[in-house]
Amino acid sequence: MSKLQTKDQTYIAATYARFPLDLVRGKGSYLYDADGKAYIDLGTGIGVNAFGLCDDVWQAAVASQAATLAHTSNLYYTEPCADLAELLCNRTGMQKVFFANSGAEANECAIKVARKWGAREKGAEYATIVTLEQSFHGRTLTTLAATGQDAFHALYQPLTPGFVHVKAGDVEGLEAALQANKVCAILLEVVQGEGGVIALSADYLAAVERLAKAYNILVMVDEVQTGNGRCGTLYAYMQYGLTPDVVTTAKGLGGGLPIGACMMGARCADVLDAGSHGSTFGGNPICAAGAISILSRIDEALLAEVRRKSDYIFTELSGAPGVRSVSGLGLMVGIETDRPAKEVVADCMAEGVLCLTAKTKVRLLPALNIPDDALQTAIAIIKKHCAN
Ligand SMILES: *Cc1c(COP(=O)(O)O)cnc(C)c1O
């Protein structure tokens with residue numbers, strides 16, 4: 001074990017089963033360990049480094065903001081935060097944004113909006129939020145309650161009440177839940193990430209929208225992982241013709257710094273009023289300046305490249321020896337392998353390619369601008385270790 005690993009394990013809470021890898025620097029789609037060995041990065045810090053590591057444009061935006069105005073609290077007006085909110089609204093049709101510091105916090109905001117909206121529009125007892133089995137919405141006690149995976153629930157009872165989980169794709173099950181409970185909203189990921197990189201069907205999402213209208217509930221889409229170009233459109237819901245009432249995002253938005261956003265559409269834009277929610281760091285100028293530098297470059301040309309690279313990955317891996325299936329959307333890819341995913345990931349790491357897992361799958365979340373040669377090299381190595 002390296003000195004760093006010993007120190008880390010001595011002083012840091014043991015919540016992470018880290019890979020035995022000491023990383024010291026990164027540039028673009030390459031990471032370098034303490035011995036100077038290079039790795040092609042297909043994990044991007046779990047979908048965070050949208051334009052790779054230490055991207056020049058992002059770095060300049062962040063450094064310049066850090067040298068100008070780093071933090072003010074939300075007691076005052078600052079330009080980066082307002083500019084970012086305007087950009088998000090212009091590009092989504094949403095009307096208001098609340099800034100948080102993480103995906104879980106963006107979802108906490110969405111849950112508050114749903115409950116406050118439900119109380120106003122339907123009555124205080126309409127506080128239940130429907131979410132999907134195999135979903136992942138965060139690690140706070142309330143977003144854990146929203147997360148439809150029993151494994152996460154057992155450790156921290158009692159969780160926040162008021163969540164009902166239904167099977168993804170089961171329209172009748174959803175309608176039954178809407179009849180049996182006093183519901184204000186449904187919260188879902190268009191492509192379930194941590195749950196195994198599973199895209200919902202367009203038919204199911206159309207049914208969700210139809211039932212949401214019929215039962216007068218909000219449709220809230222968790223785009224923490226799928227958003228900001230990851231799936232080949234600015235937000236993944238845009239590919240399904242969906243018009244959500246609330247969209248949450250984080251991960252790739254900040255390009256490497258912590259920021260979360262909860263966007264609210266016409267039906268609930270005025271739900272949050274002074275004093276009803278807040279955050280010390282939310283909309284921090286440095287994080288916001290970084291996010292502007294990311295979001296403003298996710299244009300149609302970049303998105304077309306994301307889709308082209310996605311096609312390349314799906315074509316290369318589908319039907320390859322040892323590959324049972326390839327799932328996902330855009331540059332959010334799940335690979336079901338004959339070999340245990342963990343072994344494939346370990347072998348790829350030894351050969352200089354960093355991948356993630358999701359449930360029993362190998363998961364890839366490369367930078368949106370990963371160079372073709374890096375992608376080709378990495379996919380060839382993954383293919384080799386899937387076949388072993
Ligand atoms: C990662 C993730 C979250 C939690 O985000 P944090 O920034 O870790 O709090 C929530 N929802 C989805 C879909 C995610 O992928």
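Every read-out reported here was derived from the displayed coordinates using simple, explicitly stated rules and does not represent laboratory data. Since the structure is predicted, the reported quantities are computational estimates derived from the model, not experimental observations. Please note: Cβ atoms are built from the backbone with ideal geometry, for glycine as well, and neighbour counts cover all protein chains shown.
Once phi is turned into ³J(HN,Hα) by the Karplus curve 6.51 cos²θ - 1.76 cosθ + 1.60 with θ = phi - 60°, what whole-Hz value does each residue of the stretch 13-26 show in order, with x for glycine and proline?
3, 7, 7, 10, 8, 6, 5, x, 9, 9, 9, 10, 7, x
Label points 7 Å out from Cα along the Cβ direction at Ser201 and Ala387: separation in nm?
Once both label points are built, they end up 3.4 nm from each other.
Straight distance only, please: which aspartates and glutamates reach the Cα of Lys3 with their own Cα at less than 16 Å, same-chain residues fewer than 8 apart left out?
Asp22, Asp33, Asp35
Once amide H atoms are placed 1.01 Å from N in the peptide plane, what residues at a sequence separation of 5 or more from Gly43, or on another chain, have their amide H within under 5 Å of its amide H?
Counting only residues 5 or more places away or on other chains, the set is Leu365.
Helix 171-180 versus the longest principal axis of the chain: what angle, 0 to 90°, nearest 10, using Cα atoms?
Helix 171-180 sits roughly 40 degrees off the main axis of the chain.
Extending each Cα 7 Å along its Cβ direction at Thr280 and Leu302, get the distance between those two points in nm, one decimal.
Modelled inter-label distance: 3.1 nm.
Any lysines with Cα under 21 Å of the Lys96 Cα? List them, leaving off those in the same chain fewer than 8 positions away.
Filter leaves Lys112, Lys116, Lys251.
Nearest 10 degrees is fine. How inclined is helix 285-295 to the longest principal axis of the chain, computing both from alpha carbons?
That helix lies at roughly 80 degrees to the long axis.
For the chain, what relative contact order do you get, as a whole percent, if you take Cα pairs closer than 8 Å and at least 6 residues apart? Walk me through the numbers before you get to the answer.
Details: 786 pairs, mean separation 88.0, N = 388.
Reported relative contact order: 23 percent.
Could you calculate the FRET efficiency of Lys3 with Lys342 from 1/(1 + (r/R0)^6), where r is the beta carbon distance between them and R0 is 30 Å, rounded to 0.05?
In this case the efficiency is close to 0.70.
Using only Cα atoms and rounding to the nearest 10 degrees, what angle (0 to 90) does helix 300-317 make with the longest principal axis of the chain?
For helix 300-317, the angle is close to 60 degrees.
So, in nm, how far is label Asp270 from label Ala63 when the simple model puts each one 7 Å beyond its Cα toward the Cβ?
4.6
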